[in-house]
Amino acid sequence: MAHNHTHGSPYSRLTERLNRFPQGAPASKLLFDILKILMTEKEAGLMAQLPIKPFRAKQAAEIWKLSECDAQKVLDELAARALLVDIEQDGEQMYAVPPPMAGFFEFSLMRVREDIDQKTLSELFQQYITVEEDFMKDLVCNGEIQMGRIFPQEPQIPDEYALHVLDYERATNVIETASHIGVSMCYCRHKALHNGTVCDAPMDICMTFNTTAATLIKHGHARQIDVTECKDLLQQAYEHDLVQFGENVRRNVNFICNCCSCCCEALLAIKRFGVAQTICSNFITKADSDKCIGCGKCKNICPVEAIEMAGEGQVKKAVVDEKKCIGCGVCVKHCPSKALIFEPRPNRMITPLDTAHRVVAMATERGLLQELIFDNKVLFSHRLLAGVLGSILRMPGVKRNLAQAQLKSRYIEALITKHAQSQA
């Protein structure tokens, strides 16, 4: 809970603004300490007033009561430090406040910087995100639609199932179709380095794509690379048994992290909160007990502890807990007897069309859809309608029906496509 001395402060107001988005950050002293390192009190106050949806410099100027030129300078300064993202959309410069994760938390440690105290920041992140429960629990335990999903390791997919793998499920397809590709330091392992717990997995292997890559490359937070180099890095990740955790969308994926089980916050959260079935890929590992020789290599390598050795007699056999398996495929190549079977899940996971679809679905599941629809709360009518819609969404039955019957169907997807066509 926020301490009294922070109540009403710019950092408190910014926290309230962040929590109007589906991927928020529970208020606490640790969070305020993090924000104080990343931005000044004045900057926090300005960011707290910005819209949830992407906006132009002119809109920020009107909100801040500044000239458009002065507002542009402030926005560009915040974007240069990756506190905002600047996006070119239809020839216009747009800005957006990214969520803390995946967003400006990670951006702060995706390169070595001298303008902030990264060691202290890493220690605060460790306490706020990894030691305490509220942030990650709020992020991964509310709703079935999550910000990220697992990509199956393509070399482990048997030939007979190749046709079952859709393009959006292939990390290689994300790489091949991206408009921009950037590579940066792994936020999780960089944080672990400052905390003295880093492993020996590759550090410069965090991949960003499309609009996110474009803004990070522009401001020096990522290095631009081509398709060939990115595929080489993906192969390096496979060789180090890293898990591919990327944005949970079918088109224009913005990031793929290459995660280790010791440093990665996503994998640690999966183990801690048992949320594998909302983040997993559409593949699953099963064990053939007749072929299993009981060596235990799969148990030792599984990044989420989904395999146990069990059974009667001297030789224990591998048993895969299907509720814990994330379908990464890391274990498969380590089985000397080919007893592990990598196959499609019976029930395919639902993946949102794009970032807009994902955010709307997440907002509905979390009772925040009114915040997206009625972003401008200056007008009384908008405040009134937002309050009514918010009350409706908090009714469990209606909220569940909206999330499952409409937002997981083609309904919102069709609306997004129609809106995009009307803007063309």
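List the number of the failed condition for Leu35; all other conditions in (1) surrounded by fewer than 16 Cβ atoms within 10 Å (Cβ to Cβ); (2) part of a helix (DSSP H, G or I) hold.
The number of the failed condition is (1).
Could you please find all residues in segment 326-351 being modelled with pLDDT under 95, part of a loop (DSSP other than H, G, I, E, B) and not charged (D, E, K, R)?
Within segment 326-351, Pro346, Asn347, Met349, Ile350, Thr351 qualify.
With the requirement that a residue be in contact with a Gly (Cβ under 8 Å, 6 or more places away or on another chain) and among the basic types (Lys, Arg), what does segment 295-351 give you?
The answer is Lys316, Lys317, Lys323, Lys324, Arg345.
So which residues in segment 116-139 are at pLDDT below 95 and part of a loop (DSSP other than H, G, I, E, B), if there are any at all?
Glu132, Glu133
Quick check on segment 306-321: of everything there that is in a loop (DSSP other than H, G, I, E, B) and surrounded by fewer than 16 Cβ atoms within 10 Å (Cβ to Cβ), which residue is nearest to the chain's Cα centre (by Cα)?
It comes out as Asp321.
Check segment 50-59 and report whether any residue there is charged (D, E, K, R) and in a helix (DSSP H, G or I).
Yes, segment 50-59 contains a residue that is charged (D, E, K, R) and in a helix (DSSP H, G or I).
Take the conditions out of contact with any His (no Cβ under 8 Å at 6 or more places or on another chain) and over 16 Å from Met147 (Cα atoms) and apply them to Leu353. Does it pass?
In short, no.
Considering every residue within segment 279-286, establish whether at least one is surrounded by fewer than 18 Cβ atoms within 10 Å (Cβ to Cβ), modelled with pLDDT of 95 or more and not hydroxyl-bearing (Ser, Thr, Tyr).
Yes, segment 279-286 has at least one match.
Return the pairs, sorted by first residue and then second, in which the second residue is surrounded by fewer than 21 Cβ atoms within 10 Å (Cβ to Cβ) and not in a strand (DSSP E or B), the first residue lies in segment 264-293 and is on the phi > 0 side of the Ramachandran plot, the beta carbons are less than 8 Å apart, and the residues are 6+ apart or on different chains.
Hits for this filter: Gly274/Lys323; Gly274/Lys324.
Check Leu50 against each of (1) in contact with a Lys or Arg (Cβ under 8 Å, 6 or more places away or on another chain); (2) of a type in the set (A, V, I, L, M, F, W, C); (3) surrounded by fewer than 20 Cβ atoms within 10 Å (Cβ to Cβ) and name the one condition it does not meet.
(3)
Filter segment 287-305 down to the residues that are more than 22 Å from the chain's Cα centre (by Cα) and among the aliphatic types (A, V, I, L, M), then identify the one that is surrounded by the fewest Cβ atoms within 10 Å (Cβ to Cβ).
Taking the candidates together, the pick is Ile293.
Listed residues His357, His419; which is of a type outside the set (A, V, I, L, M) and either in contact with a Leu (Cβ under 9 Å, 6 or more places away or on another chain) or modelled with pLDDT of 55 or more (or both)?
Going through His357, His419 in turn, the sole match is His357.
The values are calculated or read from the model by the stated rules, or taken from the named source; none is laboratory data. Because the structure is predicted, anything quoted here is derived from the model rather than measured. For neighbour counting, all protein chains shown are included, and Cβ atoms are generated from backbone atoms with ideal geometry for every residue, glycine included.
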